[in-house]
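Comments concern the structure below.
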Number of protein chains: 6
Amino acid sequence: MDDERYRRGLEKFREVDGKGGEKAVEYLKDIVPEIGRYLAEYPFGDIYSRPGLDIRTRELAAIAALTAMGGCDPQLRVHIHAALNHGASRQEVIEVILQMTVYAGFPKALNALYTAKEIFIKRDSNGKG
Amino acid sequence: MDDERYRRGLEKFREVDGKGGEKAVEYLKDIVPEIGRYLAEYPFGDIYSRPGLDIRTRELAAIAALTAMGGCDPQLRVHIHAALNHGASRQEVIEVILQMTVYAGFPKALNALYTAKEIFIKRDSNGKG
Amino acid sequence: MDDERYRRGLEKFREVDGKGGEKAVEYLKDIVPEIGRYLAEYPFGDIYSRPGLDIRTRELAAIAALTAMGGCDPQLRVHIHAALNHGASRQEVIEVILQMTVYAGFPKALNALYTAKEIFIKRDSNGKG
Amino acid sequence: MDDERYRRGLEKFREVDGKGGEKAVEYLKDIVPEIGRYLAEYPFGDIYSRPGLDIRTRELAAIAALTAMGGCDPQLRVHIHAALNHGASRQEVIEVILQMTVYAGFPKALNALYTAKEIFIKRDSNGKG
Amino acid sequence: MDDERYRRGLEKFREVDGKGGEKAVEYLKDIVPEIGRYLAEYPFGDIYSRPGLDIRTRELAAIAALTAMGGCDPQLRVHIHAALNHGASRQEVIEVILQMTVYAGFPKALNALYTAKEIFIKRDSNGKG
Amino acid sequence: MDDERYRRGLEKFREVDGKGGEKAVEYLKDIVPEIGRYLAEYPFGDIYSRPGLDIRTRELAAIAALTAMGGCDPQLRVHIHAALNHGASRQEVIEVILQMTVYAGFPKALNALYTAKEIFIKRDSNGKG
């Protein structure tokens, strides 16, 4: 096992995905014991740690893709939180989803805006930006 | 017709989509005469002109979405050019597509990387960055 | 702002999308104040108002697309209502969804049929056809 | 084998899908000998023969779904021909695809409009409407 | 009506889809009276009865496709049960879904793993493997 | 770098993806130098090497998913070869794609059958099964 990359990835995974990521690993580890390692190593230890793109832009790109794909609401929620925790404003999150009306159509974008509003309300109640 | 917004949108459409956008309008205008106005007004006059997100980030988000959706290669090409013409580096374009291996799987991301390389080769032969 | 087209679009938006559309605008307007204008102008002021295709056929086509795309249940509901309010029979709505077993597979079509039945039950309880 | 339904379906399959359908069956019959029967029986003998929706509307709905799904260009071509051969005008075909800019985004709709124009050019050269 | 194939298909439909399939037919038969026949004849009477592929592999392939498509959770549930009832182990079900992290991305695969775990818990409470 | 897992993954990558995989890596390595390592480590070193599912079933599941997703023809080709090289018969490949007429609709399945036939013809000319 590649301890250095696992540690770097685990740190990045916790930093970016926060509680949403931890819950996913906790829930699934009895059926896929390696799931925490898999998530930490490739997505975060390899990809998210690459220096060529900042986390804020990575998160906004993730939101765009998840909106356009549809059907990935749990992950969209995690990444809206992650974007807001890493330098993106609520306005920027709204903008990137709204832009998806052009690329993926109004239905998928509207559904993602509903999710975004719920996240904002939740963060308001927790005193977060 | 809303001349102010049409002019603003048309200017932004030409600035962002460049020749790819013009060709699309030219090709389709005999079957949809309004297509130039439609593209200029909502996507560009309304959405792209909104101040809350910079063009570079908008273009990288578009590339992410088009990669994740798949099957939109002509538009992916237009937006890779647009990103490179608006402050994104080739490395940033590569990064956002590569990140889609995590969100949309390796097949869609690899296909978009093939397209990106073709665009880079084309821009090299035209002396562009 | 193009008042004529906005007014025409708003009227068409209310006529076609009814309460479902109004609720969407109400819910989202604090995060996207322009959402009502965006929905009224391009989708309805421009596209739905075009004379080349009747509303009944437009709505049945929308139902087909939303069924085939999947993951857009809120909009499917709005458009089943819209189709029934604009000259399509329940049988025609069932037919177009059932036809999607051929184009998009049984899973997506079955899921849309479940939604259609719920809408029919709701309309029965409201004394609507 | 259900000869009555097979004969009815085969007749409808030839009527609706024309040469495109025949070519598909010819090409595939050495690897799936039953493909002609499968296409004749369920899609056409069962679904397309159902009386509750006219062929013109069925074909326009098919075009909408194939546009929204993307990646099904061969079938989109067959069904544009089928629509035009069954009471839909070129304008109606354009309208239903253009409407998909709202439901599935501009990229998929534009790609389908490119295909539609090619079909129109081909039909012009064959003296068809 | 093709009684032999209907009977064979109905038997296979009940054997494979079990209660999930019956419930679907029961719920939908008042709006689509033929739905039981449609499901029995083509998917099961024709396709699933073909000898060239065993049921276990067919079910694992169905799980892979439903995971990759997303948005088809009711059917994914039916087919996880079907796989487990036809010679696939829980580990094999987990493996095929986990493999979809590579083909369709982590979001869709994680969502399908959540569903798989729920099915396992339900089967545990019913004393099933 | 985790040399043991990289070596195991690289070996499995070459064994399974064969020339198609090598070409992808060769083509992309000047824009993503790590692409060979990424493909070797997670998809093959981690996932494909897991003992809980045999390669033949993994490949048939991959073909099912790629058929249902659409738009991933290069990868579908690689995995049809991989399936045939790892214990799946041509009939089994045909069966799993044909089954996708039920799950993802006839268009996507037909397009994948066209690809399968091309691969069979190519393998015939190379004297392969």
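Note on the range C:66-79: residues that are in contact with a Cys (Cβ under 9 Å, 6 or more places away or on another chain) and assigned to a helix (DSSP H, G or I) amount to 1. Number of residues in the range C:115-129 that are in a helix (DSSP H, G or I), farther than 13 Å from E:ALA24 by Cβ and not acidic (Asp, Glu) equals 8. A Cβ distance below 8 Å, combined with a sequence gap of six or more or placement on separate chains, defines the contacts here; from the range C:76-95, residues that are at positive phi reach residues that are assigned to a helix (DSSP H, G or I) in the pairs C:GLY87/C:ILE55; C:GLY87/C:ARG56.
Only residues that are under 23 Å from C:SER89 (Cα atoms) and charged (D, E, K, R) were counted across the range E:16-35, and they come to 4. Assess whether C:ARG50 counts as being more than 14 Å from D:ALA104 (Cβ to Cβ), part of a helix (DSSP H, G or I) and not aromatic (Phe, Trp, Tyr). When the stated conditions are applied, C:ARG50 does not pass them.
Any chance the range E:16-23 includes a residue that's under 24 Å from D:MET69 (Cα atoms) and touching a Lys or Arg at 6+ places or on another chain (Cβ under 7 Å)? No, because not a single residue in the range E:16-23 is under 24 Å from D:MET69 (Cα atoms) and touching a Lys or Arg at 6+ places or on another chain (Cβ under 7 Å). Residues of the range C:42-54 that are acidic (Asp, Glu) and touching a residue at least 40 places away in the same chain (Cβ under 8 Å): C:ASP46 alone. Does C:GLU59 satisfy the condition of being surrounded by 21 or more Cβ atoms within 10 Å (Cβ to Cβ) and not polar (S, T, N, Q)? Taking the combined requirement at face value, the residue satisfies it.
Restricting the range B:1-14 to residues that are within 14 Å of chain C (Cβ to nearest Cβ) and either of a type in the set (A, V, I, L, M, F, W, C) or part of a helix (DSSP H, G or I) (or both) leaves a set whose member that is surrounded by the fewest Cβ atoms within 10 Å (Cβ to Cβ) is B:ASP3. You will find that of A:ASP73, A:ASP17, the residue that is out of contact with any Gly (no Cβ under 6 Å at 6 or more places or on another chain), away from chain F (no Cβ under 14 Å), crowded, with 21+ Cβ neighbours inside 10 Å and under 30 Å from B:GLU59 (Cβ atoms) is A:ASP17 and no other. Filtered by the rule that a residue be under 19 Å from F:ARG58 (Cβ atoms), in a helix (DSSP H, G or I) and within 9 Å of chain E (Cβ to nearest Cβ), the range F:80-114 gives F:GLN91, F:GLU92, F:ILE94, F:GLU95, F:VAL96, F:GLN99, F:MET100, F:TYR103. Total residues in the range D:13-33 satisfying the condition of being within 12 Å of the chain's Cα centre (by Cα) and not small (Gly, Ala, Ser): the figure is 6.
Tallying residues that are buried (at least 18 other Cβ atoms within 10 Å of the Cβ) and either within 14 Å of chain E (Cβ to nearest Cβ) or not charged (D, E, K, R) (or both) within the range C:29-54 yields 14. For the range A:1-41, filtered to residues that are among the hydroxyl-bearing types (Ser, Thr, Tyr) and without any contact (Cβ under 8 Å) to a residue 12 or more places away in the chain, the residue that is nearest to B:VAL102 (Cα to Cα) is A:TYR38.
Only the coordinates and a few stated rules stand behind these numbers; no lab work does. All values reported here derive from a predicted model rather than from experimental measurement. All Cβ positions, even for glycine, are placed from backbone atoms using ideal geometry, and neighbour counts span all protein chains on display.
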